[in-house]
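Following: one structure in structure tokens, then a few remarks.
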Amino acid sequence: MPPAKKRTRSYDPAKTRAAVLTQFRHVREAVEAFTPGQLDGPTRLGAWTVRDLAAHVTTALDAVTRYLGEPAPPQRQLPLLGWPGATRSAAPGIEADARAIDATDPAALYAATEARYEEAVAGVSEERLVPTRFGAMTLGDFLVTRTVELVVHTDDLNEATGAGIPYDRQALAACTRLLADVLAVEAPGGAVEVRVPPYAVVQCVEGPRHTRGTPPNVVETDPLTWIRLATGRTGWAAELDAARVSASGERADLADLLPLMG
């Protein structure tokens, strides 16, 4: 018999909404405390300064506000698991958008962004379609993608500044799970089990499927290392050498499958 079709993971809408706002507020609190010297400092994102990165973070919420201000598309075009891969082509547009934001007063920028977002999403159904740059999605799915944007760039800011911005547990969980599920879709199979405790376990890669006991091919890592691998912030070999990834079995090499998004 063919293997059963995997069910798409569901996300609690109320928890997702709370996670998006909580993570944004964590970043806002840190950015408001940055000194001018910190804001002008470098990041791991090429020519972007911390100020550029902080400005870009606001687009995670402003995109929601902007899309909800447009007419709802007639039909859904992009499933949630299609979003990470679609971002690979978006880097030039994203950089241009970030540099167009007036970030001379980060505190005012973050306050205005949050206020617009809260007004825009109030009372709107998760099933409402929004016209994202990659195709129409439900608002509920698009809000899950906001956890990825916010968690990834929180990590970028922490790496650049050492600020220790906290990660909302629900936001970190949603981000980890979405990127793990994308791996399972892009490399379907059951030969390798990828574990990212405590949030995700997926099977992927073609080959013999295990059904009982310990799988012969296992990859395990922590959530932030997984997110950095999936988004190209770090490399497979480097994380293996640093023992932040364990990989056992002849098929447990994900180097050619990563990163999953741009």
Next item on the list: Give me the percent of the accessible area of the chain that comes from carbon and sulfur atoms, probe 1.4 Å, all protein chains in place.
Entry: 52 percent
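Going by average Cβ neighbours within 10 Å, how do the peptides 72-78, 185-191 rank, with the highest at the top? Don't jump to the answer; show the numbers that get you there.
Numbers: 72-78: 13.0, 185-191: 16.9.
Put in order of decreasing packing, that is 185-191, 72-78.
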Margin query: Would you report the distance distribution of C-alpha pairs in segment 197-262 as whole percents per 10 angstrom bin, up to the bin with the largest distance?
Written below: 19, 55, 25, 2
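Determine one quarter of the surface area of the Cα convex hull of segment 121-196, which equals its mean projected area, and express it in nm² to one decimal. Working shown, then result.
Numbers: hull surface 28.9 nm².
Mean orientational projected area (segment 121-196, Cα hull): 7.2 nm².
Tell me, what is the percent relative contact order of segment 57-206, built from C-alpha pairs under 8 Å that lie six or more residues apart?
Numbers: 169 pairs, mean separation 37.3, N = 150.
Answer for segment 57-206 is 25 percent.
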Notebook entry, point to check: Relative contact order (percent) for the chain, with alpha-carbon contacts under 8 angstrom and 6 or more residues of separation?
Noted result: 20 percent
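Using the heavy atoms of the protein chains alone and a 1.4 angstrom probe, what is the accessible area of segment 165-236 per residue in square angstrom?
On the way: 2800 Å² over 72 residues.
Result: 39 Å² of accessible area for each residue.
In deg cm²/dmol, rounded to 500, what helix-only [θ] at 222 nm does the chain give when every DSSP H run of at least 4 residues adds -39500 (n - 2.57) and the total is split over its residues? Spell out each step's value before the answer.
On the way: 10 runs with 128 residues, N = 262.
It lands at -15500 deg cm²/dmol.
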Checklist line | Fraction in percent of alpha-carbon pairs per bin - 5 Å, segment 139-262 | finding: 2, 11, 21, 23, 20, 12, 7, 3, 1, 0
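Per residue, what volume in Å³ does the Cα convex hull of the chain take up? Mind dumping the intermediate values first?
Values: hull volume 34.9 nm³, N = 262.
Taking only Cα atoms, the chain has a hull volume of 133 Å³ per residue.
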Checklist line | Rounded D (µm²/s) - segment 1-157, Kirkwood Rh over Cα pairs, Stokes-Einstein at 4 °C, 1.567 mPa s | finding: 78 µm²/s
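Provide the percentage of antiparallel DSSP beta bridges, counting only those with both residues in the chain; round to the nearest 5. Intermediate results must be reported in sequence, preceding the final value.
Working: 14 of 17 bridges.
Here the antiparallel bridges make up roughly 80 percent for the chain.
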Next item on the list: Would you please report the Å³ per residue occupied by the convex hull of the alpha carbon atoms in segment 94-157?
Entry: 106 Å³
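The values are calculated or read from the model by the stated rules, or taken from the named source; none is laboratory data. Because the structure is a prediction, the values reported are computed rather than measured. When we count neighbours, we look across all protein chains shown, and the Cβ atoms used for this are built from the backbone with ideal geometry, even at glycine. SASA here: full protein model, heavy atoms, side chains in, ligands and nucleic acids out. Shrake-Rupley method; radii C 1.70, N 1.55, O 1.52, S 1.80 Å.
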